[in-house]
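Structure first, commentary second.
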Amino acid sequence: MRWCWAIFEHLPESYPYFLVSVQILDGIGASIFGVSVLMVADLTKGTERFNLTQGILNTAIGIGAGLSNVKAWVCGYNVGFLILAAIAVVTLAVF
């Protein structure tokens with residue numbers, strides 16, 4: 001485990017473009033989750049179900065995050081990444 005930290009300890013110094021691109025993708029992901037609060041507020045306006053809907057949304061996000069880690073642990077990192085990428089491509093095609 002110590003060797004893994006040694007690799008990532010110097011990564012930002014060696015690859016600034018990698019660091020900036022990861023931060024941009026993290027910002028996009030955070031903005032999607034931030035907009036979801038506004039979408040829930042708009043969809044549940046006048047129904048007094050904002051907290052329930054927000055709780056269901058956050059529970060689904062938490063379950064997805066947990067299952068993706070389990071999938072990567074069971075199948076291996078490369079296979080887990082490919083499965084999650086396939087799910088993203090299917091979602092993009094559907095919506």
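With a 1.4 Å probe and all protein chains kept in place, how much accessible area does Leu92 have, in Å² rounded to the nearest 10?
Answer for Leu92: close to 140 Å² accessible.
Which helices, counted as full DSSP H runs in the chain, have an axial Cα extent of no less than 15 Å and a Kyte-Doolittle average of 1.6 or above?
Helices meeting the span and hydropathy rule in the chain are 77-94.
Go ahead and estimate [θ] at 222 nm for the chain from helices alone: -39,500 (n - 2.57) per DSSP H run with n ≥ 4, summed, over the residue count, rounded to 500.
-29500 deg cm²/dmol
Tell me the accessible surface of Val35 in square angstrom (1.4 angstrom probe, heavy atoms of protein chains only), to the nearest ten.
Counting only protein heavy atoms, the figure is 70 Å².
The values are calculated or read from the model by the stated rules, or taken from the named source; none is laboratory data. Quick caveat, the model's predicted, so the values are computed rather than measured. Remember, those area values only see protein heavy atoms, side chains included, never the ligands or the DNA or RNA. Shrake-Rupley method; radii C 1.70, N 1.55, O 1.52, S 1.80 Å.
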